[in-house]
Structure formats: C-alpha cells, structure tokens
Amino acid sequence: MSRPRSARLAGRLTALEREITACRRCARLVCWREKVARDKRTAFAGEEYWGRPIPGFGDPAARVLLLGLAPAAHGANRTGRVFTGDRSGDFLFAALHRTGFASQPTSTHRDDGLALTGAWITAAVRCAPPANKPTPAERDTCLPWTAAELALLGEVRVVLCLGAFGWAAALRLLEPSRPWPRFGHGAEAPAGERTLLGCFHPSQQNTFTGVLTEPMIDAVLLRARELADGPASR
C-alpha cells in the first residue's frame, strides 16, 4: 500500500471512527452505556469510563476481520477499545499474539501500545447492552457501521465471527447464498470474495468450562490466515 493511499485510508477510518463514537441511534443502549459509565464498578472507581460507542481497531491493510458481539459494560465501555479490559479480551489477545496477529499478549487500554498486523477487530453492536444482550433491532441498526468499515477495509478476505451473534450479523452483512449456513466452531462458508469462519466466543463461560480452549482458538486463527493468504485473495 503506497504512502498516499495509506494516508487517505487512515483519514477515512478516522472520520468513520468519529461518526461511530458520536452515535446515539439506540435509546436503550445510550441510556445503559452512560449509566454504567457513571455508576462505576468499585474496582474501577478511580478511572474515567469511555461510555460511548466502540469503533473498530487494527491494521487498515487487514485481510482478517474479527467480528464480536458487543462491548462489555466494564471492559470496552470502560477502556474505549474493543475486547479490551475484560477476561474475554485477555483470552483473545493472547491468542492473537501467539498466532502472529498482535504485537503483545495483553490489551489493557486504548493507549497501551498494542498493534495488530493483518487483523481488524470490531463488534456487531457498538454500545454495551444490558445483560450483554442486544436486541435484533439494535444489531440491525448498528450493522451499517460494520458495512462502512468493510467498505474501507478493501483487503479483508476472511470474516472471523466470534460467536453465533456475530455469525448472524455477518450473514446479514454479506448475504451468502441461501440456505444460510449454520454457525459452529470452525464452520466455513463462502460469501462472494470473502469467507465466513466461525469460532466460539471467548467468553468466560466458554473458556472457563473448556468449550473454547487455547488450541481451539489458535487453530481457527491460523485457518483464518491460511484462507486470507490463499489463492482467492491473490
């Protein structure tokens, strides 16, 4: 990617980030994210919460886009970066580091120096939802933000969906041939020039019970790299 093109893309991504972080489309989510930011968890009482929608994060030249569910109330809603500041993120970024996508194994805050190579991380819903359960209407209202990111991230060849909610959002976003494929860990489905790839969500419920293990997520991330670098991406 030439320097002038890189600069233009960075400028467009920055402009999109400003739009995303100013969004107030879903009244229920706006109310909840801001309430959490005011009524802080005791462990983070001395911190200033982000309390806004969360933009995507990563390498503008990414070939792999990871699509999660939504920000955690005291994770990304606090730190300002997707999958940052909670146990799910701890598990995910350690795996990204092991598989060569992340510069460091930890992600604690948006200014901690972490950089991604070949990957972009985003969420189907950009605001922390009550009980971590956005509604289908909130998902669909938020989906244009991910569509806008994908339109700018022209090198993306694999959309790695972290959980069934992310998979359902990706199906609506990319509209592969029907019948739409079912979600599963390691599931693959063509979607035009891209491939959908499924991975169990790195939630505490899944990682603490062994539903998702380190070897399992590492294998999916390596498969994503293989698909992204394959003949279809040339």
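The values are calculated or read from the model by the stated rules, or taken from the named source; none is laboratory data. Predicted model, so just to flag it, every value in this text is computed and none were measured. Note that we place each Cβ from the backbone using ideal geometry, even for glycine, and neighbour counts take in every protein chain shown.
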List pairs: first residue in the range 21-36 and without any contact (Cβ under 8 Å) to a residue 12 or more places away in the chain, second residue surrounded by fewer than 18 Cβ atoms within 10 Å (Cβ to Cβ) anywhere in the structure, Cβ distance under 7 angstrom, at least six positions apart or on different chains. 24/30
Helices (runs of 4 or more DSSP H) within the range 1-117 that include 1 or more residues touching a His at 6+ places or on another chain (Cβ under 9 Å) and surrounded by 13 or more Cβ atoms within 10 Å (Cβ to Cβ): 27-38, 76-79, 87-98
Members of the range 141-166 found to be assigned to a helix (DSSP H, G or I) and over 27 Å from residue 9 (Cβ atoms), listed by number: 164, 165
Give the residues of the range 158-190 that are more than 15 Å from the chain's Cα centre (by Cα) and closer than 18 Å to residue 225 by Cα, sorted by residue number. 185, 186, 187, 188, 189, 190
Residue among 103, 88, 107 that is under 20 Å from residue 161 (Cβ atoms), out of contact with any helix residue (DSSP H, G or I) (no Cβ under 6 Å at 6 or more places or on another chain) and of a type in the set (Gly, Ala, Ser): 88
Subset of the range 10-42, residues modelled with pLDDT of 95 or more and of a type in the set (A, V, I, L, M), comes to 13, 15, 16, 20, 22, 27, 29, 30, 36, 37
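Yes/no per residue for (1) among the small types (Gly, Ala, Ser); (2) more than 30 Å from residue 230 (Cβ to Cβ); (3) touching a Phe, Trp or Tyr at 6+ places or on another chain (Cβ under 9 Å):
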| position | (1), (2), (3) |
| --- | --- |
| 24 | no, yes, no |
| 39 | no, yes, no |
| 58 | yes, no, yes |
| 76 | yes, yes, yes |
| 79 | no, yes, yes |
| 105 | no, no, yes |
| 108 | no, yes, no |
